[in-house]
Structure formats: structure tokens, C-alpha cells
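Below is one structure, written out as C-alpha cells; the observations come after it.
The values are calculated or read from the model by the stated rules, or taken from the named source; none is laboratory data. These figures come from a predicted structure and were not determined experimentally. As a convention, Cβ positions derive from the backbone with ideal geometry for all residues, glycine included, and neighbour counts pool all protein chains shown. Note: areas computed on protein heavy atoms with side chains; ligands, DNA, RNA excluded. Shrake-Rupley method; radii C 1.70, N 1.55, O 1.52, S 1.80 Å.
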Amino acid sequence: QVQLVESGGGLVQPGGSLRLSCAASGSIFSITAMGWYRQAPEKQRVLTAAITSGGSTNYADSVKGRFTISRNGARNTVYLQMNRLKPEDTAVYYCHARSRGDDYWGQGTQVTVSA
């Protein structure tokens, strides 16, 4: 079992920055990948960025060059640095972890980009 707790969402103006954090607990040594998904109103949840246990990263085309996913040395916290935010980045952001074939989700954190 893996538990995920997100923090760092909020309201920001277009062009601004936010950093999301996701702290994992439980069976963290079995995690093979962690990442962030987002879900805008009336849209499906989609992958935003991910990092594997080996350190490989993957980004949605819409955020490449603006968002950066990283993790701490203990590999139990994942960050999403979001720069040059746009109104279309507004969504609930969910932390995700994959462990032993199972998917785990955080509770979600709201990010609103608006003037």
C-alpha cells in the first residue's frame, strides 16, 4: 500500500509559477514510477509529467519546457515545478504512483491560473 499527500496548489496569475509536492508513505520501495495527472472541468484526467524509479522523465507536449518533475534523494517526495503558467493549466492536479502493478492516487490539489 502506498499513501500520497499533495500540497502546493493555489491561485496564480498567468505567467506565474507554482510548485506542487507529493509525499509518499507506506511501501515506497516498491514504487516504479510517480507522476502528476491533471483534470480540467468536464475533461478526462491526463498525464502531465512522470518520473520512473530510474530517473527517466516524461511530459505532456502542452507542458514541455515549462514544467519540471523532480524528486528528493530519498525518492519519497516528488515535485512539479510549474513555470509560465497559462489559464489552460487550470485543473485539479493528482499525484500518482505505480507499485507492483497497482495505481495509487492522492486527493488532488486545485491549481487556478487567472488574472
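Loop-located trypsin sites (Lys or Arg not before Pro) in the range 7-96 (DSSP state not H, G, I, E or B) with no more than 14 neighbouring Cβ atoms inside 10 Å: Lys43, Lys64, Arg84. Say the dipole of the range 1-81 comes from +1 at the beta carbon of Lys and Arg and -1 at that of Asp and Glu; which of Ile31, Gly54, Pro41 then lies farthest toward its positive end? Value computed over the given set: Gly54.
Each residue of the range 38-44 is assigned a 3J(HN,Hα), and the resulting list reads 9, 9, 7, x, 6, 10, 6 Hz, derived from the Karplus form 6.51 cos²θ - 1.76 cosθ + 1.60 (θ = phi - 60°), x at Gly and Pro. Using C-alpha pairs below 8 Å separated by at least 6 residues, the relative contact order for the range 17-108 is 36 percent. A Gaussian network model of the chain, with springs between Cα atoms under 10 Å, assigns the largest mean-square fluctuation among Ala33, Ala74, Ala23 to Ala74.
Solvent exposure of the chain, expressed per residue, is 53 Å² of accessible area, with all protein chains present and a 1.4 angstrom probe. Summarising the amide proton neighbourhood of Ser27: residues at separation of 5 or more, or on other chains, whose placed amide H is nearer than 5 Å comprise Val2, Gln3. Backbone phi angles across the range 2-18, fed through the Karplus curve with coefficients 6.51, -1.76 and 1.60 (θ = phi - 60°), yield HN-Hα couplings of 10, 10, 10, 10, 9, 7, x, x, x, 9, 9, 7, x, x, x, 10, 9 Hz in residue order; Gly and Pro are listed as x.
Across the range 1-63, the relative contact order, built from alpha-carbon pairs under 8 Å that are at least six residues apart, equals 23 percent.
Between Ser17 and Gln3, residue separation times 0.36 nm minus the direct Cα-Cα distance comes to 2.4 nm.
Residues whose amide H comes within less than 5 Å of that of Phe67, counting only those at least five positions distant or on another chain, are Asn83 (H built at 1.01 Å from N in the peptide plane). Close amide H partners of Thr90, meaning residues 5 or more places away or on another chain with modelled amide H under 5 Å apart, are Val113.
Placing one equal scatterer on every Cα of the chain and applying the Debye formula, the log10 ratio I(q)/I(0) at q = 0.19, 0.23 Å⁻¹ is -0.93, -1.32.
Work out from phi, with θ = phi - 60° and the Karplus expression 6.51 cos²θ - 1.76 cosθ + 1.60, the ³J(HN,Hα) of each residue of the range 61-77, listed in order in whole Hz, and give x for Gly and Pro. Coupling constants for the range 61-77: 4, 5, 10, 4, x, 10, 10, 9, 9, 8, 9, 7, x, 7, 6, 10, 9 Hz.
Taking Cα centre as origin and charging only the Cβ of basic (Lys, Arg, +1) and acidic (Asp, Glu, -1) residues, the dipole magnitude of the chain rounds to 240 debye. Simple rule: put +1 on each Lys or Arg Cβ and -1 on each Asp or Glu Cβ in the chain, find the dipole, and look at Thr68, Val2, Gly101; the Cα lying farthest toward the positive end is Thr68.
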